[in-house]
Amino acid sequence: MKQVYVIPEDGFAAAIADVVRMPIDSSRKEYCVITRINVMERYRGKGYGRKILDLILADADNEGVIVYLEPVATGGLDQEELEQWYERRGFTWGAWHMRRLPVKGV
């Protein structure tokens, strides 16, 4: 997996995401943490968030890696809507974080 994902548009980074890959968790499986997904304001509402998350999840699926994140709504986003957005993409809640298991056969 990459550490930084970028979707360029018009010479700008329309969307950017940072991913930290961790060596093992308690079940001895590799996992990663999405520490940031940011869509520049002028590109919001145009599917860039979905596109960049899809890139990350495709890599995680191909490598069999669990993905964790802690959703924090910023820039006028609604926290509940953000959490539901991640849930629609296969994330479920743990104690303080959301997690998505890799999809097999991708």
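The values are calculated or read from the model by the stated rules, or taken from the named source; none is laboratory data. Given the structure is predicted, the values throughout are model-derived calculations rather than measurements. Positions of Cβ are backbone-derived with ideal geometry, glycine not excepted, and every protein chain shown enters the neighbour counts.
Before moving on, here are some points about what is shown:
- Flag if residue 51 is over 17 Å from the mean Cα position of the chain (by Cα) and either closer than 19 Å to residue 98 by Cβ or outside any strand (DSSP E or B) (or both): no
- In the set (1) surrounded by fewer than 11 Cβ atoms within 10 Å (Cβ to Cβ); (2) at pLDDT below 95, residue 30 fails one condition alone, (1).
- Scanning region 72-91 for any residue that is out of contact with any His (no Cβ under 8 Å at 6 or more places or on another chain), in a strand (DSSP E or B) and of a type outside the set (Phe, Trp, Tyr) turns up nothing.
- Pair list, Cβ < 8 Å and 6+ apart or interchain, from region 33-44 residues that are under 11 Å from residue 68 (Cα atoms) to residues that are surrounded by fewer than 16 Cβ atoms within 10 Å (Cβ to Cβ): 33/20; 33/22; 34/18; 35/18; 35/20
- Restricting region 39-65 to residues that are farther than 18 Å from residue 11 by Cα and touching a helix residue (DSSP H, G or I) at 6+ places or on another chain (Cβ under 9 Å), the residue that is surrounded by the fewest Cβ atoms within 10 Å (Cβ to Cβ) is 50.
- Which numbered condition residue 22 fails, given (1) within 13 Å of residue 1 (Cα to Cα); (2) surrounded by 14 or more Cβ atoms within 10 Å (Cβ to Cβ): (2)
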